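Enquirer: Below is a structure I'd like to ask you about.
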Amino acid sequence: MKYIDGFRNGDAGRFLTKKILASGEQLKRIGREISIMEVCGSHTMAISRFGIRDLLPENIKLLSGPGCPVCVTDTGYIDAAVKLADKGVIIATFGDMIRVPGSAESLADSRARGGDIRVCYSSSMAVDIANDNPQKEVVFLAIGFETTMAPVTSLLTVVINAGVKNLSLLTAYKLVPPALDALISDPEVKVDAFICPAHVSAIIGSDAYKPYVEDFNVPCIVCGFEPLDILYGVDNVASQFVNGTVELVNQYSRVVKPEGNVNAQKVFEKYLEPVDAAWRGIGVIPASGMGIKKEYEKYDAAKRFSISIEGGKPQPGCLCGDVLKGKIIPPQCPQFGKSCTPSKPVGPCMVSSEGSCAAYYKYERHK
């Protein structure tokens, strides 16, 4: 079925919901329950906002995975940023990093103690900060998945061409495919299919998910963020399990191409190389990050300031790691909505605007 009158057509939504419920009944007759994990913070928010879970049968479940880049940034990275601020370095960052807890402090705590923490609305603002403060060192907190890697790393082209000497990047880039490998390989994680991250897919291309279909027999759906997008995705997955097929389906072809964004990929190839990376709550995943290549290491803040990013200490009682792996849903954490709220977050999943705990708190805590 094709899109009808845009992406929020009520008749199309009801039609798809009936199809999903029918698939649920067929699966129920054979005793089958399926868990579909979305690995994108924007999907997480959309699913909660539009009440998608309330439309599904009990045996078709949606789980939120490690799709929020702020949430998976390791505690030790925050600790390193706080240390740099304590040394008098200007820290430039996107706003959602400010309140993410480190082992003992967040950047908000550092700023309250006098640290110079600047919020940027685009990565290019870091260049302006560096030019306005030529006697100070400026470090931009370069975190994120493939979506943000290209525009943030492109700062290096600007910095090199303009001869900016006092700006460097503290990187904590993450790659989605290795995380999917880790989830599939974890015996404690039950994932039957993936709703693949749409923004990331626009960069790496839908073909990047072929190995999960061909080698692991896990259906993968690339879909957008509107209610019909997500319902189409769930319907397709459910139909695959009913029909006994395993496919990679790109339902977001209006944005995502099989090969992805080749220009963005060239930026990665020029400046970055794969590195092992620590994911908060998950641990170190080999070759799941991207670091600055040796020939550009003078723009690598960790090398420039001899800062080692070590494993930090998680907040006591915080179960964000289990939430990020889909082992529990946010309300199953004892601190959810009690000692951990958006105004006083204990873990990063409640801090970020794309965090699953924040999504549940905003739209689903009445349950």
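Enquirer: Along the Cα→Cβ direction, 7 angstrom out, place labels at ARG118 and LYS338. What is the inter-label distance in nm?
Expert: Label-label distance for ARG118 and LYS338, simple model: 4.3 nm.
Enquirer: Could you work out how far apart the two model spin labels at ASP128 and ALA287 are, taking each label as a point 7 Å from the Cα in the direction of the beta carbon, and quote it in nm?
Expert: 4.0 nm
Enquirer: If you add up the charges near ILE20, with Lys and Arg at +1 and Asp and Glu at -1, over every other residue whose beta carbon is less than 13 angstrom from its beta carbon, what do you get? Let's see the in-between values first.
Expert: Numbers: positive: ARG14, LYS18, LYS19, LYS28, ARG53, LYS61; negative: GLU25, ASP54, GLU58, ASP235.
Net of charged neighbours comes to +2.
Enquirer: Another one. If you take the beta carbon distance between ALA162 and SER308 as r and set R0 to 22 Å, what does 1/(1 + (r/R0)^6) give as a FRET efficiency, to the nearest 0.05?
Expert: 0.15
Enquirer: After finding the eigenvalues of the alpha carbon gyration tensor for the chain, what semi-axes result from the square roots of 5 times each, listed largest first in whole Å?
Expert: On the way: eigenvalues 275, 103, 63 Å².
After diagonalising the Cα gyration tensor, the semi-axes are 37, 23, 18 Å.
Enquirer: If you split all Cα-Cα distances of region 1-154 into 5 Å bins from zero, what percentages do you get per bin, shortest first?
Expert: The calculated distribution, bin by bin, is 2, 8, 13, 14, 13, 10, 8, 8, 8, 7, 5, 3, 1, 0, 0.
Enquirer: Still on this structure, I have one more. What 222 nm value per residue comes from the helices of the chain, counting each DSSP H run with n ≥ 4 as -39,500 (n - 2.57) and dividing by all residues, nearest 500 deg cm²/dmol? Working shown, then result.
Expert: Values: 18 runs with 149 residues, N = 367.
That calculation yields -11000 deg cm²/dmol at 222 nm.
Enquirer: Related question: What is the distance in Å between the Cα centroid of region 158-227 and that of region 239-299?
Expert: 4 Å
Enquirer: Just order 262-272, 235-245, 88-98 by mean Cβ neighbour count inside 10 Å, highest at the front, would you?
Expert: Values: 262-272: 15.5, 235-245: 17.8, 88-98: 20.2.
Ranked from most to least packed, the peptides come out as 88-98, 235-245, 262-272.
Enquirer: On the protein heavy atoms, probe 1.4 angstrom, tell me the percent of accessible surface of region 133-224 carried by carbon and sulfur. Numbers along the way, then the final one.
Expert: Details: 1630 of 3050 Å².
Whole-percent figure for carbon plus sulfur exposure: 54.
Enquirer: Also, quick follow-up: Using a basic spin-label model with each label point 7 Å from the Cα along Cα→Cβ, how many nm lie between ASP215 and LEU21?
Expert: 4.1 nm
Enquirer: Round to a whole angstrom and tell me the spacing of the C-alpha centers of region 82-151 and region 1-68.
Expert: If you average the Cα positions of each part, the centres end up 38 Å apart.
Enquirer: Per Stokes-Einstein, at 20 °C and 1.002 mPa s, what whole-number D in µm² s⁻¹ belongs to region 57-102, with the Kirkwood radius over Cα pairs as the hydrodynamic radius?
Expert: The calculation lands on 167 µm²/s.
Enquirer: How much area per residue is accessible in region 115-178 when the probe is 1.4 Å and only protein heavy atoms are counted (Å²)?
Expert: Working: 2380 Å² over 64 residues.
Here the per-residue accessible area is 37 Å².
Enquirer: Moving on to the next point. Which order, highest average first, do 40-53, 64-77 follow once you tally other Cβ atoms within 10 Å for each residue and take the mean per peptide? Don't skip to the end; give the middle numbers.
Expert: Values: 40-53: 21.6, 64-77: 26.6.
In descending order of packing, they fall as 64-77, 40-53.
Enquirer: For ASP11 and SER103, FRET efficiency with R0 = 41 Å and r from the beta-carbon atoms, rounded to 0.05? Could the numbers behind the result be given before it?
Expert: Values: r = 52 Å, r/R0 = 1.27.
Computed FRET efficiency for SER103 and ASP11 comes out at 0.20.
The values are calculated or read from the model by the stated rules, or taken from the named source; none is laboratory data. Given the structure is predicted, the values throughout are model-derived calculations rather than measurements. When we count neighbours, we look across all protein chains shown, and the Cβ atoms used for this are built from the backbone with ideal geometry, even at glycine. When the accessible area is computed, the model is the full protein with side chains, heavy atoms only, and any ligands, DNA or RNA have been set aside. Shrake-Rupley method; radii C 1.70, N 1.55, O 1.52, S 1.80 Å.
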